[in-house]
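Since the structure comes first, as structure tokens, the remarks are kept for the end.
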Amino acid sequence: MDVRSQVSMLFHLDKCIGCHTCSIACKNIWTDRKGAEYMWWNNVETKPGTGYPTKWEDQDIYKGGWEKSGKSISLIGSGKLKGLVNIFHNPHLPVIDDYYEPWTYKYSNLIEAPAQDDQPTARPISLITGKPIEIKAGPNWDDDLSGSPDYARKDPNLENLSPAEQEAMFQLEKMAFFYLPRICNHCLNPACVASCPSGAIYKRGEDGIVLINQKVCRAWRMCVTACPYKKSYYNWSTGKSEKCILCYPRIESGIAPACMHSCVGRIRYLGVMLYDADRINEVASADVNNLVNSQLSMILDPFDEDVIASAKENGVADSTIKAAQDSPVYKFVKEWGIALPLHPEFRTLPMLFYVPPLLPVMASLSEQKNKEQLDKLDPIAKKWDDDWLYDTSTEELWGTIDDARFPLQYMANMFSAGDTCKVKDIMKKLMAVRIHRRDKTVGDLDKENVKKTLKDVNLSADSADDIYYLTSLAKFDDRFVIPPAHREQAIEMVENTGDVKGSSGFGFIEKPARGI
Amino acid sequence: MDLLNNFLFIALPYIALTVFLIGTIYRYKGTKFKFSSLSSQFLEGKKLFWGSVPFHYGIMVLFFGHLTAFLLPDVILSWNSSPLRLMILEVSAFIFGISALVGMFSLLIRRKTNPRIEIITSKMDLLIELMLLIQIFFGLWVAYEYRWGSSWFASVMSPYLTSIFTLNPQIDAVSRMPWVIKIHVSLAFTIVLLIPFTRLVHLLVFPLSYLWRPYQKVIWNWNRKKIRDPKTLLNVTRSKNN
């Protein structure tokens, strides 16, 4: 057992309001530079939708991630042979138009334009060429555009959904959507690391953050292809690839990453998880039906004596083990089992987890005569001719989940490699917590039924309350359990700390300018 | 004339090789951030294919062809002893030359016509691409006009180059070469001289080591086995990424 620790993040999608504050916080700190304007290390997508870059989930186009070959796995669009053969022209590299061409406006024209009959305008100017452009796409171009033929209907996750289901998803007034915030997944089996011909990308042993060494990157640009989440970006100006660094300078000093710290909906949780690195290969090559279970099984119980002993032997600090025991992510993922990784079928073993959204599911549709409803309405109220109503009843406890307004298959395609049972289990648990809380706060439900509901999903009343607490009431310190980085120990092994006083710092000694 | 020959075949090679050696080492050690192939495929991908691929594969074959003729002249000469094999060698080399020429030409066109690519084009990019284009053109001229290049390269150029590298320059034979060949040789050394000042440095870091490294790479800031042992705390070992 090779116990390592991984800083992991969890997104509670039911709470995401799609405000993009995280994206802005990240952009202001990290990607507000030439060549990086188009990059969104953190972005929030409307689902169903095509996302950023357009249709990133469709690996028939982008050839990212790993595929099973025999008993092992191999990179789909890169790797040793393909990478070196295609090094002069990578056939699977997205170009900037797959993201969008960044632009600004020529504001000076508003002031400097000569007197004329028409009002001066600020024309859009490309941030690449500096010339006027027609804006064809931009960040979050399809924001809130669920149901639209150009975006939502081209969502790769609609695969395996019957045409009827798809149609139902996109009818006006029956339509539903949710938001998906995405950053680098800091995978355990990262395809970007494996694809880098120069070996510039690496995973930090201590906390599992995946980084690109800017001094070793040579713009062979294989990582952009290899990352199935398209979270490695090529800076066209400096000729170096860049990616989310999980705000490691902030984490090292005990501050939450910018995207998480700024999250308005408080949907994000950060904590340490211990895992068994010996099993990475085996788990990544598991059968597709077994992928999620194997990945979850390699995350170790931080209270287990054996695990603690091997962790110590491996140099994991006591404070990190303590952080793993208090980790909110561990609770969601392992203890309660209500979170799943995004697209596990890419086989990179992503270490960010998502609690799938229950909300669009809650109100399902039921075909019924709405005469009764109509009778209740005011005579001047708008009358609808439809024969369907939103069903928010709790009498049929699990009924609404099966005929969800949002087909379970869609969620399953995103979070469990197509396995609807997994998603359904989680939906049931989330629903059970709500029923339990309704019983506690409103008390209008049949007590026996409520108990049966919790028993059905194997939750005790206490853990249901815990889930409720961590979901709705948790304070900053509950949501962010950041392990001390212990850089001081690392430095002591290298040199006498007195010698480097005043000389250490962070930033480029060499100006990050484009080469010749 | 002697003065010119001495300059072109003695002074220039030594200046070029010295500048190349010191320049690339300095650049590799001192300005690592700027050490990049500066790929522009992200801004324009389709036209790049028709330039980059024929150029790179063409020039690579030609480079290793020249290298083989320089290092193993006897092998080339005995290969060329049969006219059929000579023709195979010469024709295939010429085809790769054409491929490099067409590739370089379309790269230059792309560089000048695409506004996005023009933005990231430096003066050195244009200079080196023009020089390469001229160099390939002269190479093809030489191959066509002064047959058979592979044979006389092995018997004339190889001893000359060896004499350069053994610090005992013998230029009698090269000095009597036609001027087209002289230009081709001098341009070659000029390009070598310019390597540290251009993006051509990327050819020195072709990532061959990728073939034998394991796919995954994990770097530890400290030695994790030793970190918990108080005895080893004073043991000075450098961390791997500092």
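Here's the yes/no breakdown for (1) open to solvent by less than 50 Å² (accessible area, probe 1.4 Å); (2) modelled with pLDDT under 95; (3) within 14 Å of chain B (Cβ to nearest Cβ):
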residue	(1), (2), (3)
A:Ile299	yes, no, no
A:Phe303	no, no, no
A:Lys312	no, yes, yes
A:Ala317	yes, yes, yes
A:Thr320	yes, yes, yes
A:Gln325	yes, no, no
A:Pro328	yes, no, no
A:Lys331	no, no, no
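Of the residues in the stretch A:32-47, not one is part of a helix (DSSP H, G or I) and either of a type outside the set (D, E, K, R) or crowded, with 18+ Cβ neighbours inside 10 Å (or both).
Per the conditions (1) within 14 Å of chain B (Cβ to nearest Cβ); (2) out of contact with any Asp or Glu (no Cβ under 8 Å at 6 or more places or on another chain), the sole criterion not satisfied by A:Pro53 is (2). Scanning the stretch B:5-30 for residues that are surrounded by fewer than 15 Cβ atoms within 10 Å (Cβ to Cβ) and among the small types (Gly, Ala, Ser) gives B:Ala11, B:Gly30.
Across the stretch A:282-300, what is the number of residues that are over 20 Å from A:Asp425 (Cβ atoms) and either hydrophobic (A, V, I, L, M, F, W, C) or assigned to a helix (DSSP H, G or I) (or both)? So that I can check it myself, show each step before the final result.
Initially, the stretch A:282-300 is screened for residues over 20 Å from A:Asp425 (Cβ atoms), giving A:282-285, A:300.
Retained after the next criterion (residues that are either hydrophobic (A, V, I, L, M, F, W, C) or assigned to a helix (DSSP H, G or I) (or both)): A:282-284, A:300.
Summing the residues that are over 20 Å from A:Asp425 (Cβ atoms) and either hydrophobic (A, V, I, L, M, F, W, C) or assigned to a helix (DSSP H, G or I) (or both) in the stretch A:282-300 gives 4.
Pairs linking a residue in the stretch B:143-160 that is under 16 Å from B:Phe94 (Cα atoms) to a residue that is aromatic (Phe, Trp, Tyr), with Cβ atoms under 6 Å and 6 or more positions apart or on different chains, are B:Ala143/B:Phe94.
Within the stretch B:162-183, being open to solvent by 40 Å² or more (accessible area, probe 1.4 Å), under 21 Å from the mean Cα position of the chain (by Cα) and either at positive phi or not β-branched (Val, Ile, Thr) (or both) holds for one residue alone: B:Phe165. Of the residues making up the stretch B:31-48, those that are open to solvent by 10 Å² or more (accessible area, probe 1.4 Å), at the interface with another protein chain (Cβ under 7 Å from one of its Cβ atoms) and not in a loop (DSSP other than H, G, I, E, B) are B:Lys32, B:Lys34, B:Leu48. Please verify whether the stretch A:390-404 includes one or more residues that are aliphatic (A, V, I, L, M), open to solvent by less than 10 Å² (accessible area, probe 1.4 Å) and at pLDDT 85 or above. Within the stretch A:390-404, none of the residues are aliphatic (A, V, I, L, M), open to solvent by less than 10 Å² (accessible area, probe 1.4 Å) and at pLDDT 85 or above. Scanning the stretch B:69-101 for residues that are closer than 15 Å to B:Phe55 by Cβ and open to solvent by 80 Å² or more (accessible area, probe 1.4 Å) gives a single hit, B:Ile95. Any residue at all in the stretch A:470-487 that's at pLDDT 85 or above and among the acidic types (Asp, Glu)? Yes.
Would you mind finding the one in A:Arg250, A:Arg279 that is within 14 Å of chain B (Cβ to nearest Cβ), part of a helix (DSSP H, G or I), basic (Lys, Arg) and open to solvent by 10 Å² or more (accessible area, probe 1.4 Å)?
On the way: A:Arg250 fails: within 14 Å of chain B (Cβ to nearest Cβ).
None of the other options fit; the residue is A:Arg279.
The values are calculated or read from the model by the stated rules, or taken from the named source; none is laboratory data. Note that this is a predicted model, so its numbers are computed, not measured. Note: ideal-geometry Cβ built from the backbone for every residue, glycine included; neighbour counts use all protein chains shown. Just so you know, the surface numbers come from the protein's heavy atoms only, side chains and all, with ligands and any DNA or RNA stripped out. Shrake-Rupley method; radii C 1.70, N 1.55, O 1.52, S 1.80 Å.
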